[in-house]
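Below: the structure, in structure tokens.
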Amino acid sequence: MTKAIRIHAPGGPEALSYDDIDLSAPGEGEVQLRQTAIGLNYIDVYHRTGLYPVPALPAVIGLEAAGVVESIGPGVTELAVGDRVAYANPPLGAYAQARNMPAHRLVRVPDAISDEQAAAIMLQGMTVEYLIRRTYAVKAGDTVLFHAAAGGVGLMACQWLNHLGVTVIGTVGSEAKAELAKANGCHHTILYKSEDIAARVREITDGAGVPVVYDSVGKDTFDASIDSLSPLGLFVTFGSASGPVPPVDPGLLSKKGSLFMTRPTLMTYTAKREDMVKSAEALFDVVQSGAVKIAINQRYALSEAAQAHRDLEARKTTGSTILLP
């Protein structure tokens with residue numbers, strides 16, 4: 001028996017239930033983990049509300065955690081009892097004190113990175129990796145627009161982009177968040193509640209616009225994102241914090257400068273084990289080098305997951321947030 005956060009039906013934060021669940025021995029190709037830290041991500045809200053339906057109910061949600069291998073199922077050769085590991089991918093079930101996990105979806109955590117750091121960086125950091133190295137491969141001298149620059153993904157992206165010689169324009173919701181983003185490598189901040197985002201981007205870039213916009217906000221920033229792009233620019237919509245982007249007439253992309261648009265997911269970019277391992281290794285390297293520092297600004301007990309979700313949705317959080325079993 002172990003404790004876990006489950007949803008029995010889609011809903012608000014109150015739908016998160018702290019339950020006793022049975023945990024079987026690990027099956028073929030699985031290991032059993034004692035989890036030490038769990039990452040909180042906006043995709044967890046999407047699973048809770050039903051925007052991204054879960055396979056079956058009741059369901060333990062969560063996609064990211066770090067822990068220690070406690071036992072090994074048949075056919076597992078790449079891991080041993082006692083290994084420190086982390087993950088950021090399905091199957092759902094991270095919001096638990098212990099769980100079984102397919103061994104091939106786990107990566108070993110370097111000694112220089114703590115369990116809390118690993119749980120805080122895997123999903124957000126690997127998201128940054130694929131966005132800036134593969135969806136649009138930035139290069140030194142580029143200027144990019146990154147929405148929600150003071151969030152967990154945003155702060156890591158600002159640091160990593162700055163490390164690569166990229167000028168970062170970031171949108172934020174308050175002066176305090178603007179200062180936080182600047183302290184993490186964001187060169188220009190735009191207060192999205194009171195400033196015209198596209199006009200400010202044009203001002204900063206001397207009218208040229210940017211070659212890529214990274215947008216996890218969705219509905220509220222769609223128009224500004226499109227209007228901030230230079231001709232042949234790429235609109236990367238990778239989240240929907242304010243709601244889904246409305247249906248898009250392809251003619252709009254033509255009218256605004258033969259633009260490109262993509263809706264990538266980490267799960268596609270890490271579907272192959274070799275891609276997942278390379279992504280994690282690139283992330284671990286940049287963290288161990290000191291170029292990207294991890295700000296775990298909120299910690300909650302696993303039993304307080306509902307409050308963590310309320311704070312996340314109210315945009316009260318900055319940097320990374322973890323749940324402690």
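The values are calculated or read from the model by the stated rules, or taken from the named source; none is laboratory data. Fair warning: this is a prediction, and the values are worked out from it, not measured in the lab. Note that each Cβ is placed from the backbone with ideal geometry, even for glycine, and that neighbours are counted across all protein chains shown.
Numerical summary
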{"quantity": "Options R34, R48: the member that is farther than 18 Å from R273 by Cβ and more than 19 Å from the chain's Cα centre (by Cα)", "calculated": "R34"}
{"quantity": "Tally of residues being assigned to a loop (DSSP other than H, G, I, E, B), out of contact with any strand residue (DSSP E or B) (no Cβ under 7 Å at 6 or more places or on another chain) and either surrounded by 14 or more Cβ atoms within 10 Å (Cβ to Cβ) or among the aromatic types (F, W, Y) (or both) across region 6-26", "calculated": "1"}
{"quantity": "Test result for L79, in a loop (DSSP other than H, G, I, E, B), within 28 Å of S114 (Cα to Cα) and touching a residue at least 60 places away in the same chain (Cβ under 8 Å)", "calculated": "no"}
{"quantity": "Matching residues in region 27-50 - criterion: being part of a loop (DSSP other than H, G, I, E, B) and modelled with pLDDT of 95 or more", "calculated": "G27, E28, G29, L40, G50"}
{"quantity": "Strands (runs of 3 or more DSSP E) enclosed by region 220-325 - at least 3 residues per element that are closer than 30 Å to K3 by Cα", "calculated": "296-301, 320-324"}
{"quantity": "Condition met for R108 (at pLDDT 95 or above, surrounded by fewer than 20 Cβ atoms within 10 Å (Cβ to Cβ) and not assigned by TED's automatic domain parsing to the domain that holds P244)", "calculated": "yes"}
{"quantity": "Any hit, region 78-101, residues being within 18 Å of D215 (Cβ to Cβ) and either in contact with a Phe, Trp or Tyr (Cβ under 7 Å, 6 or more places away or on another chain) or surrounded by 24 or more Cβ atoms within 10 Å (Cβ to Cβ) (or both)", "calculated": "no"}
{"quantity": "Single residue of region 54-73 satisfying the filter (touching a residue at least 12 places away in the same chain (Cβ under 8 Å) and in a loop (DSSP other than H, G, I, E, B)) that is surrounded by the fewest Cβ atoms within 10 Å (Cβ to Cβ)", "calculated": "P55"}
{"quantity": "Some residue of region 313-325 being closer than 23 Å to K139 by Cβ, buried (at least 21 other Cβ atoms within 10 Å of the Cβ), modelled with pLDDT of 95 or more and touching a helix residue (DSSP H, G or I) at 6+ places or on another chain (Cβ under 8 Å)", "calculated": "no"}
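To keep it simple, each residue is scored yes or no on (1) in contact with a helix residue (DSSP H, G or I) (Cβ under 9 Å, 6 or more places away or on another chain); (2) at positive phi; (3) crowded, with 20+ Cβ neighbours inside 10 Å.
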position: G207; (1), (2), (3): no, yes, no
position: I226; (1), (2), (3): yes, no, yes
position: P231; (1), (2), (3): no, no, no
position: L266; (1), (2), (3): yes, no, yes
position: T270; (1), (2), (3): yes, no, yes
position: E274; (1), (2), (3): no, no, no
position: A282; (1), (2), (3): yes, no, no
position: A291; (1), (2), (3): yes, no, no
